[in-house]
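Below is one structure, written out as structure tokens; comments come after it.
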Amino acid sequence: MANAGRMHHDMGGRDAGPVDRGGHSHPEWEKRVDALMMLLSNSKRRVIGVDELRRGIEELGAENYSKMTYYERWVSSITHNLLEKGIISSDELGRKMAEVEDTARAAGDRG
Amino acid sequence: MTMRSEDSVLDHYQAMELAVSALLIDKGYFSAADMEAEIDAMAKRTPDIGAAVVAQAWTDSDFKARLLADGTAACESIGLDMGPTRLVVVESTETVHNVIVCTLCSCFPRMLMGIPPDWYKSVNYRSRVVREPRMVLKEFGTEPSADVEVRVHDNTADMRYLVLPKRPASTDGMSREELAKLVTRDSMIGVKIVEAP
Amino acid sequence: MVRFVPGDNVTVRRAFPPGHVRTPYYIRGKSGHIAQVLDSFANPEELAFGRDGLPKRPLYRVRFAQSRVWSDYSGSAGDTIDVELYEHWLESEENT
């Protein structure tokens with residue numbers, strides 16, 4: 001069977017379409033994800049290694065990998081790694097996510 | 001704790017990032033100021049840095065030799081912060097045209113070039129440039145002749161790659177600063193050549 | 001101690017393990033030659049699972065003729081591809 005044992009991210013040589021040369025300007029949250037990755041993996045902190053972050057992305061699976069954007073994959077991997085290492089818990093993450101959503105909604109209503 | 005202003009409607013992943021960052025700040029893994037500083041540092045990393053390295057290599061044969069022997073050491077010797085980057089500089093010549101990719105993810109010499117362009121990270125580029133590089137180069141308007149060796153570099157491990165593009169003819173006498181302005185990000189990835197002015 | 005020197009003919013092992021592997025699928029089982037001996041690095045296959053990846057493994061730039069990698073390669077006969085590969089993925093070509 002062709003491509004047995006090939007993981008989705010390991011895509012060199014696969015058939016694909018023309019290269020879309022357009023770019024996009026990076027919204028603030030994407031810059032923050034980049035910064036977060038740098039801060040966690042740098043030699044001063046080594047909270048999560050870059051190899052662990054890559055593995056986290058690879059483990060998202062083919063369907064998620066295709067559907068999610070680059071930065072959505074990164075933030076998912078960062079989060080999963082933090083959960084696995086017990087640095088944050090799902091409980092506190094869920095509460096904090098609800099809190100930031102409420103804050104943003106309130107700001108949106110005022111603005 | 002200050003946070004930069006956000007869009008008023010957050011999607012799931014934006015909320016996740018804000019929440020994770022807030023929790024990590026609360027737990028003391030880094031400060032809000034650290035994040036601001038990192039974002040500012042990233043903004044300062046643009047292809048202009050790489051272009052200056054190329055222009056210096058074109059005009060200083062000793063630097064060029066050192067750059068090709070050990071990219072990181074040569075860049076550090078001219079005061080550049082390379083962080084943990086282990087740089088390999090590959091020279092495009094009359095006989096070899098180099099092009100860089102990371103098929104497995106998006107490895108890129110960020111300290112010299114900033115963040116990689118979207119197309120470099122795309123499924124289509126990562127899939128096709130290793131197998132049909134000349135067709136991909138043609139999409140970028142680059143067509144090395146058949147007797148030139150097209151050499152693809154797949155960034156699979158710890159090194160980061162920068163193409164030292166061929167200096168165009170008719171640039172004799174240009175200053176280093178003028179030469180640097182000709183050098184584009186895409187020419188240092190290898191999908192474009194440097195055009196004569 | 002590194003096993004290979006520039007110019008040595010090597011073949012990439014034909015193995016397809018799950019896990020975090022930095023040997024691309026398309027190059028497994030292919031033969032080329034050592035273009036450059038790089039430094040030694042901790043094994044990313046282990047680092048990916050939070051282990052220390054020691055002892056460090058030698059890393060090489062291995063050069064392949066594109067025509068030997070892709071049966072349908074449509075570029076020039078002289079075209080090549082360089083891939084960074086860890087020593088434990090490489091075998092001497094004579095032995096394969």
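From the list B:VAL183, B:VAL194, which residue is of a type in the set (Val, Ile, Thr) and under 22 Å from B:ASP70 (Cα atoms)? Exactly one of B:VAL183, B:VAL194 is of a type in the set (Val, Ile, Thr) and under 22 Å from B:ASP70 (Cα atoms), namely B:VAL183. The single residue among B:LEU104, B:LEU112 that is at pLDDT 95 or above, assigned by TED's automatic domain parsing to the domain that holds B:ARG160 and not in a helix (DSSP H, G or I) turns out to be B:LEU104.
When each of B:ALA169, B:ALA196, B:ALA157, B:ALA146 is tested for being within 14 Å of chain A (Cβ to nearest Cβ), assigned to a loop (DSSP other than H, G, I, E, B) and over 13 Å from the mean Cα position of the chain (by Cα), the lone residue that passes is B:ALA157. Name every residue in region A:33-46 that is assigned to a loop (DSSP other than H, G, I, E, B) and either buried (at least 22 other Cβ atoms within 10 Å of the Cβ) or within 11 Å of chain C (Cβ to nearest Cβ) (or both), in order of residue number. Hit for region A:33-46 is A:ARG46, nothing else.
The residue of region A:1-30 that is modelled with the lowest pLDDT, among those that are away from chain C (no Cβ under 14 Å) and buried (at least 19 other Cβ atoms within 10 Å of the Cβ), is A:TRP29. Listed by position, the helices (runs of 4 or more DSSP H) contained in region B:3-78 that have at least 3 residues being of a type outside the set (A, V, I, L, M, F, W, C) and farther than 20 Å from B:PRO109 by Cα are B:12-26. When C:PRO18 is tested against (1) assigned to a loop (DSSP other than H, G, I, E, B); (2) within 14 Å of chain A (Cβ to nearest Cβ); (3) modelled with pLDDT of 95 or more, only condition (3) is not met. Tell me whether region C:22-39 contains one or more residues that are in a loop (DSSP other than H, G, I, E, B) and surrounded by fewer than 17 Cβ atoms within 10 Å (Cβ to Cβ). Taking every residue of region C:22-39 in turn, at least one turns out to be in a loop (DSSP other than H, G, I, E, B) and surrounded by fewer than 17 Cβ atoms within 10 Å (Cβ to Cβ). On inspection, B:GLU36 qualifies as at pLDDT 95 or above and either facing chain A (nearest Cβ under 7 Å) or surrounded by 12 or more Cβ atoms within 10 Å (Cβ to Cβ) (or both).
For region C:69-77, the condition of being surrounded by 18 or more Cβ atoms within 10 Å (Cβ to Cβ), closer than 25 Å to A:ARG46 by Cβ and facing another protein chain (nearest Cβ under 8 Å) holds for none of the residues. The residue that is farthest from C:VAL69 (Cα to Cα), among those in region B:90-134 that are of a type in the set (Lys, Arg) and under 16 Å from the mean Cα position of the chain (by Cα), is B:ARG110.
The number of residues in region C:45-59 being closer than 20 Å to A:VAL47 by Cβ and touching a His at 6+ places or on another chain (Cβ under 6 Å) comes to 1. Taking the conditions (1) facing another protein chain (nearest Cβ under 7 Å); (2) farther than 28 Å from C:LEU38 by Cα; (3) part of a loop (DSSP other than H, G, I, E, B) in turn, B:ARG131 satisfies each one other than (2). Would you mind stating whether C:ALA15 is crowded, with 17+ Cβ neighbours inside 10 Å and small (Gly, Ala, Ser)? So C:ALA15 fails the test. Per the conditions (1) part of a helix (DSSP H, G or I); (2) more than 15 Å from the chain's Cα centre (by Cα), the sole criterion not satisfied by A:TYR71 is (2). One residue alone among C:ALA65, C:ALA35 is over 25 Å from A:GLY5 (Cα atoms), of a type in the set (A, V, I, L, M) and away from chain A (no Cβ under 14 Å), and that residue is C:ALA35. Being under 30 Å from B:GLU132 (Cα atoms) and within 7 Å of chain B (Cβ to nearest Cβ) is a property that A:GLU101 lacks.
Residues considered: B:THR85, B:THR93. Of these, the only one that is within 14 Å of another protein chain (Cβ to nearest Cβ) and more than 29 Å from A:SER25 (Cα to Cα) is B:THR93.
The values are calculated or read from the model by the stated rules, or taken from the named source; none is laboratory data. Given the structure is predicted, the values throughout are model-derived calculations rather than measurements. Virtual Cβ from ideal backbone geometry, glycine too; neighbours counted across all protein chains shown.
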